[in-house]
Ligand SMILES: *Cc1c(COP(=O)(O)O)cnc(C)c1O
């Protein structure tokens, strides 16, 4: 089986497991795990922010990041297929009392004109106030698209001008960095608070980081514990993250090349495939998934007529070529 359902499906390599086994650990709720502290400091520095906090999941990281900018009863604006509104099961409403309004862009990009129209200033006790804008880079459900840096800069400038915070869901920001060569610190400068994942293309088994100011991180630390996310000798997982940062960032370029190869096989224009995700439409997505699985390729539906292919650490060149042959054959069968 070649598994293209998600880049979360990677399992730790032998070298990563060795790094985990050798990790120096302590109780992280006491702030005494040296490996966690090293990871947090390294990631904060990478993005030019003051501090970072190791989190069990990207979803929890997003929830705490957004709530650092938005009070209960206020709103965050985001693109309509953003992970925070599609795939976090309403967490921002359920836990933080936050409402959302959205703009729609076929590639998940920032639309400043739409944002200006949506933005609601504080008008007293009549209307919901816009407290923040959230952007996703790369944009998962839009097909791993990279948000243009100049648009992110314009957004930050505009948002700061109107007193709104900017949250960056950078679950796959590493992919955007490798695809464009944009320094991570440049992306960091376009957000007040951000979240990055180690458990996607970087291949760690667990872990995300919330990145922001020292105050934001101190407050998020309280909320993480309050929500039951205080972890103990978790350096064993942070070690996997440090190993991934050393060894699995530059290789994302291979995943991007494999995604373009798959795109060509399924009739999607590879020029529109920015990173490691290919989204295709099929009349019956569920039937397509079954046909592909019967031929040894696992893919996933992300809607009734949309299918997603994701390349990752567990798919080498030979597997990508073999999956491309299978999917090209399905295409000629009319599946
Ligand atoms: C995977 C993902 C997350 C976080 O997911 P978890 O499974 O909770 O770690 C957040 N944002 C995006 C865009 C993602 O793809």
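Where a number appears in this text, it was derived from the coordinates with a stated rule and is not lab data. Since the model is a prediction, treat every value here as computed from it, not as a measurement. Using ideal geometry, Cβ is built from the backbone for each residue, glycine included, and neighbour counts are taken over all protein chains shown.
Assorted remarks:
- Residues considered: 207, 90, 181. Largest GNM mean-square fluctuation over the chain, using C-alpha springs under 10 Å, is found at 181.
- Percentage relative contact order, the stretch 241-324, counting C-alpha pairs under 8 Å, at least six apart: 32 percent
- Gaussian network model of the chain, springs between alpha carbon atoms under 10 Å - residue of 102, 190, 180 with greatest fluctuation: 180
- For the stretch 10-247, the equivalent ellipsoid built from the Cα gyration tensor has semi-axes of 30, 20, 15 Å, listed from largest to smallest.
- Using distinct alpha-carbon pairs, which all enter the 1/r mean, Kirkwood radius of the stretch 1-60 in Å: 13.9 Å
- Packing-based exposure ordering (other Cβ within 10 Å, fewest first) of 20, 227: 227, 20
- Percentage of interatomic Cα-Cα distances in the stretch 251-331 larger than 17 Å: 39 percent
- Centroid-to-centroid separation of the stretch 154-179 and the stretch 311-335 [C-alpha atoms, Å]: 33 Å
- Pairwise centroid distance, computed over Cα atoms, of the stretch 76-148 with the stretch 191-205, Å: 19 Å
- Across the chain, Cα pairs under 8 Å and at least six residues apart give a relative contact order of 25 percent.
- Residues 2, 84, ranked from the fewest to the most other C-beta atoms within 10 Å, line up as 2, 84.
- Which of 127, 54, 47 has the fewest Cβ neighbours within 10 Å, and the rest in rising order: 127, 47, 54
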